[in-house]
1. State to the nearest 20 debye the size of the charge dipole of segment 49-205 about its Cα centre, where the only charges are +1 on K and R beta carbons and -1 on D and E beta carbons.
2. List the lysines whose Cα lies under 23 Å from the Cα of Lys289, skipping any in the same chain that are fewer than 8 positions away.
3. Please report the relative contact order for the chain, taking Cα pairs under 8 Å with a sequence separation of at least 6, and give it as a percent rounded to a whole number.
4. Any idea what log10 I(q)/I(0) is at q = 0.15 Å⁻¹ for segment 49-207, Debye with uniform C-alpha scatterers and no solvent?
5. Carbon-plus-sulfur fraction of the accessible area of the chain, 1.4 Å probe, in percent?
6. In Å and whole numbers, how far do the C-alpha atoms of segment 261-305 stretch along each principal axis, longest first?
7. At each listed q (0.19, 0.23 Å⁻¹), what is the log10 of I(q)/I(0) that the Debye formula gives for segment 59-142 modelled as equal alpha-carbon point scatterers?
8. List the lysines whose Cα sits under 24 Å from the Cα of Lys172, skipping any in the same chain fewer than 8 residues away.
Amino acid sequence: MNKFIVALAAALIAATVHAQTWPSKPVRVIVNVAPGGVADVTARVLGARLTETLGQTFLIENKAGGDGYIGFQDAVRSEPDGYTLVYSPGSSVMIAPHIVNRPDLNPTTALTAVAATGGVSLYVMLNPNVPAKNFDEFLAHARANPGKLNYGTPGNGTSPHIAGEVFNREAKVKLNHIPYTGAGPALQDLLGGQIELAFDPGVGLNAARGGKLRMVAVAGPVRHADFPDVPTLDEKGIRGVDGGPHFGFYAPAATPREIVQRMNREVLRLMQEPQVLERFKALAVNLAKPMSPDEFGAYVKGEYARYEKLLPALSIPRQQ
């Protein structure tokens with residue numbers, strides 16, 4: 001028994017020392033979506049500041065595809081030593097597992113929650129070729145052309161995908177879903193006219209400001225300050241369409257607790273910096289309330305359970 005206690009104490013001391021010296025080399029941050037989306041941009045904003053404050057490079061590495069699972073797979077195969085992290089949209093963690101047929105890999109158990117950062121409102125963006133100058137005209141056009149309009153999303157099971165299907169149900173329309181590997185590629189095809197609209201997570205705001213896209217509604221709690229005449233969907237009587245769960249940092253499940261806690265504290269501190277807040281505001285990201293790793297983990301479990309009930313109600317099937 002005494003030997004066990006000594007061994008346990010030695011292990012605890014070693015873990016504490018490891019956490020105190022972490023990071024002592026560059027840290028990989030796997031972003032499981034394509035470059036150019038809100039998740040990618042916010043990861044890079046925080047990665048740059050983490051590099052400065054912690055004294056080691058935080059390398060942002062995009063691993064898109066497989067509805068987020070290519071990035072997850074890379075992470076869970078890595079050593080759980082704090083030098084491989086994941087930065088993911090909440091939809092990949094809390095929604096996609098109910099759709100993607102990967103019984104071997106559930107991100108809610110293979111990863112541990114580290115720190116929540118924020119979520120997005122979605123913006124109903126139209127290619128200018130769609131004959132609608134406002135939301136009412138768009139809705140009338142969509143109802144008159146069932147199945148003829150395509151909306152792009154960052155992928156199956158993402159928040160914009162779920163938002164589009166909730167919109168179909170609540171607005172009594174039929175829009176076709178076109179999945180991409182990220183919000184950036186979806187935006188490019190929207191600008192090019194290959195798709196007619198998107199429930200955009202904010203990457204298309206500059207294009208809308210420049211007149212290259214037409215914003216007709218906000219799927220979120222408030223109107224956007226730069227588009228004060230564009231209504232929210234709630235104002236139009238269409239409920240339940242939102243940007244989904246928070247983005248956040250995760251680590252392989254066996255990562256030392258002390259490292260997880262240190263990373264959490266550092267991210268929460270950086271999220272209060274004016275320069276970070278300004279970048280998040282420019283991307284129209286709604287900040288998550290400060291959460292400890294345990295609180296973020298509880299949030300993940302709660303949202304996972306909520307979508308487990310919602311997806312069957314939307315007739316969104318699991319992949320075969």
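1. Dipole about the Cα centre, nearest 20: 460 debye.
2. Lys281, Lys301
3. The normalised contact order for the chain reaches 26 percent.
4. Taking Cα atoms of segment 49-207 as identical point scatterers yields -0.86.
5. C and S fraction of accessible area: 54 percent.
6. 33, 24, 11
7. Ignoring solvent entirely, the Cα scatterers give -0.86, -1.12.
8. Lys133, Lys148, Lys236, Lys309
The values are calculated or read from the model by the stated rules, or taken from the named source; none is laboratory data. The structure displayed is predicted, hence computed values, not measured ones. For neighbour counting, all protein chains shown are included, and Cβ atoms are generated from backbone atoms with ideal geometry for every residue, glycine included. For the accessible areas, the whole protein counts, side chains as well, though only heavy atoms, and no ligand, DNA or RNA atoms are used. Shrake-Rupley method; radii C 1.70, N 1.55, O 1.52, S 1.80 Å.
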